[in-house]
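Written out below as structure tokens is the structure these notes cover.
The values are calculated or read from the model by the stated rules, or taken from the named source; none is laboratory data. Quick caveat, the model's predicted, so the values are computed rather than measured. Note that we place each Cβ from the backbone using ideal geometry, even for glycine, and neighbour counts take in every protein chain shown. Areas reflect the complete protein model, heavy atoms only, side chains present, ligands, DNA and RNA absent. Shrake-Rupley method; radii C 1.70, N 1.55, O 1.52, S 1.80 Å.
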2 protein chains.
Amino acid sequence: MAGSVGLDRLTTPFGSAKNVLGGSASYAGLAASLFARPIIVSIIGRDFPKHALEQLTKRADLSGVKRQGKIFRWQGRYEFDLSSAITEKTDLGSLAGFRPELPESAKQAGFLFLANLDPTAQLQTLDRHIKLRGSRPFVMLDTMNFWIERAKPALTKLISRVDLLALNEGEARQFCSEANLITAGRKLLAAGPGHVIVKKGEHGALLFSNEGVFLSPGYPLETVQDPTGAGDSFDGSLIGFAAKKNDVTTKTLRQAMTVASAVASFTTESIGPDRLLSLNQREIAQRTAVLKQMVRL
Amino acid sequence: MAGSVGLDRLTTPFGSAKNVLGGSASYAGLAASLFARPIIVSIIGRDFPKHALEQLTKRADLSGVKRQGKIFRWQGRYEFDLSSAITEKTDLGSLAGFRPELPESAKQAGFLFLANLDPTAQLQTLDRHIKLRGSRPFVMLDTMNFWIERAKPALTKLISRVDLLALNEGEARQFCSEANLITAGRKLLAAGPGHVIVKKGEHGALLFSNEGVFLSPGYPLETVQDPTGAGDSFDGSLIGFAAKKNDVTTKTLRQAMTVASAVASFTTESIGPDRLLSLNQREIAQRTAVLKQMVRL
């Protein structure tokens, strides 16, 4: 998977933390590692702190992570209702102008996740992975409002080339200039991917395919501390689960979404990735069972 | 059931309509009548137009509807995203100071729905129904932000005496002064009712009970014209379905919610109650099947 790895400074109504491991590939990588060992393609600053990097080293192949220039830093804040992050400061560091280089180990990888990143770098990753493998992997893509506003043509091209697009409710509406979420989901499906997932936070996630619309519930959580990385961990555990099963049918993706909702719910229970780091299989299975029971008629 | 019957003037981005049948008991009664014949307890103005009243006469027992004073009129508007109604004008008419009188036919009714109305009138309906029957019926209650702001003590007392409370997301958060919806649902459950339903519009509805949390999906609709009465039709079809089955177990309420989501989705497809009036069992069964399929793993 390709994405960002950096340091976050987080402020929530329940506390704050600084210099914690952050970035789309960090959360997605940690979550994916619960199911399969991910190869991370990214760039980190030369002075990236050892304690933060060690959290990733144990769980992922970092041979595609370049050490160069300055650290990517994000500073964000949440209000009492935790509904959306307010970006206070972004320092791209060496992430600006990042050109991905894929390690030899990626040759064996049949699943590619393009986590949130500049669409130009995402496209390069895709092309280089195809070249390295000599064939197309299964490709999943996420993005954010920032790129929809600034790089829509590149993003549109990219979307036409992926198998699974996952974005959140607001981004789906924004990309399609469409208030109705079902219409937006169907428009995105028509843009190329065989599957589109629209993440709705506490309201769960919708899966659009030619087999209709599927709803995966959100885990009924009372202890949300910090939503940072919830969407990325959803993505990571979803692609990790599919890779482990080596299957991308709608049926497997429905199951993967349920497991991914469980994993994402844990991520929100600590400030930063702490809870995701301490998570075990028994805990995931327990919440997955609750989610299945939640929709049983 | 007790609630309001009046005339609405509606403006949406897709068109407008005036002097259409409206009010909580109208929508709930029409929806309930798809499953069982409801007895409506309400008050309408002396000059209530025949064409509007006839829509109810065919479907409900109106022996508890008084003709007195002026018509209750509501004028509302929706913006492009259809997310919430903007009240432009309310003329309570004879609804102000309404004191419900229960007809003899209500003696046989084992299910009482207190649709949105002044909590004082709701309490009186409950007491009179118990007196008339000589025993407690199964009691379902809905309300709105207006009464939470102006009559919280009466509402709190009422909530402690009902079996099923149904309100929408914003109202649940407002009543409990609580941003987390799961916490709000659990607080409402602790306030007395054996079951609490939180309606979330397009995101479906949650059922809280001592058996945990259940999620009923919202029907994936692209053709929303006017959300007026969607919540009331959800309530009405839910209580109608339970009355028809003569059962109020959690299992039946889960099924009832799925059917109610289907009925409510039709209500939004026309301006006013037209689509609800033309609805048939085959159409309900079709959407109920889609909703079941939507969450199947």
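Tabulated values for the structure
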quantity	calculated
Selected residue (only one of B:D142, B:D163 is at pLDDT 95 or above and closer than 24 Å to B:P227 by Cα)	B:D142
Flag if B:G192 is of a type outside the set (A, V, I, L, M, F, W, C), part of a loop (DSSP other than H, G, I, E, B), touching a Ser or Thr at 6+ places or on another chain (Cβ under 8 Å) and within 19 Å of B:F113 (Cα to Cα)	yes
Residue list for the range A:203-219, restricted to those being of a type in the set (S, T, N, Q), over 18 Å from the mean Cα position of the chain (by Cα) and assigned to a strand (DSSP E or B)	A:S209
Residue that is farthest from the other protein chains (Cβ to nearest Cβ) [pool: residues in the range B:191-237 that are among the acidic types (D, E) and within 12 Å of B:S265 (Cβ to Cβ)]	B:E202
Failed item, numbered, when A:D91 is tested on (1) in contact (Cβ under 8 Å) with a residue 24 or more places away in the chain; (2) over 20 Å from A:A32 (Cβ atoms); (3) open to solvent by 30 Å² or more (accessible area, probe 1.4 Å); (4) in contact with a Gly (Cβ under 9 Å, 6 or more places away or on another chain)	(1)
Within the range A:21-66, tally of residues that are within 21 Å of A:A96 (Cα to Cα) and charged (D, E, K, R)	3
The range B:283-297 - residue that is open to solvent by 30 Å² or more (accessible area, probe 1.4 Å) and of a type in the set (S, T, N, Q) and, of those, nearest to the other protein chains (Cβ to nearest Cβ)	B:Q293
Only one of A:G231, A:G185, A:G236 that is touching a helix residue (DSSP H, G or I) at 6+ places or on another chain (Cβ under 6 Å) and not charged (D, E, K, R)	A:G236
The range B:245-259, residues that are surrounded by fewer than 17 Cβ atoms within 10 Å (Cβ to Cβ) and either of a type in the set (K, R) or not in a helix (DSSP H, G or I) (or both)	B:K245, B:N246, B:D247, B:T249, B:K251
Given (1) surrounded by fewer than 21 Cβ atoms within 10 Å (Cβ to Cβ); (2) assigned to a helix (DSSP H, G or I); (3) more than 9 Å from chain B (Cβ to nearest Cβ); (4) out of contact with any strand residue (DSSP E or B) (no Cβ under 7 Å at 6 or more places or on another chain), number of the condition A:A262 does not satisfy	(1)
Options B:P220, B:P273: the member that is surrounded by 22 or more Cβ atoms within 10 Å (Cβ to Cβ), farther than 25 Å from B:F111 by Cβ and in contact with a helix residue (DSSP H, G or I) (Cβ under 8 Å, 6 or more places away or on another chain)	B:P220
Top-ranked residue of the range A:174-190 - restricted to ones that are surrounded by fewer than 19 Cβ atoms within 10 Å (Cβ to Cβ) and either among the aliphatic types (A, V, I, L, M) or within 7 Å of another protein chain (Cβ to nearest Cβ) (or both), ranked as nearest to B:T288 (Cα to Cα)	A:T183
When residues of the range B:131-173 are limited to those that are of a type in the set (G, A, S) and assigned to a loop (DSSP other than H, G, I, E, B), the one least open to solvent (accessible area, probe 1.4 Å)	B:A151
A:G236 vs. criteria buried (at least 24 other Cβ atoms within 10 Å of the Cβ), farther than 26 Å from B:L82 by Cβ and in contact with a Pro (Cβ under 7 Å, 6 or more places away or on another chain)	no
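Per-residue answers, yes or no, for (1) touching a strand residue (DSSP E or B) at 6+ places or on another chain (Cβ under 8 Å); (2) farther than 30 Å from A:A285 by Cβ:
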site	(1), (2)
A:A32	yes, no
A:L53	yes, no
A:L62	yes, no
A:R73	yes, yes
A:G93	yes, yes
A:G97	no, yes
A:P103	yes, yes
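Here is a yes/no grid of residues against (1) surrounded by fewer than 16 Cβ atoms within 10 Å (Cβ to Cβ); (2) under 24 Å from A:M144 (Cα atoms); (3) in contact (Cβ under 8 Å) with a residue 24 or more places away in the chain:
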| residue | (1), (2), (3) |
| --- | --- |
| A:L7 | no, yes, yes |
| A:V20 | no, yes, yes |
| A:K50 | yes, no, no |
| A:R59 | no, no, yes |
| A:S63 | yes, no, yes |
| A:G76 | no, yes, yes |
| A:I86 | yes, yes, no |
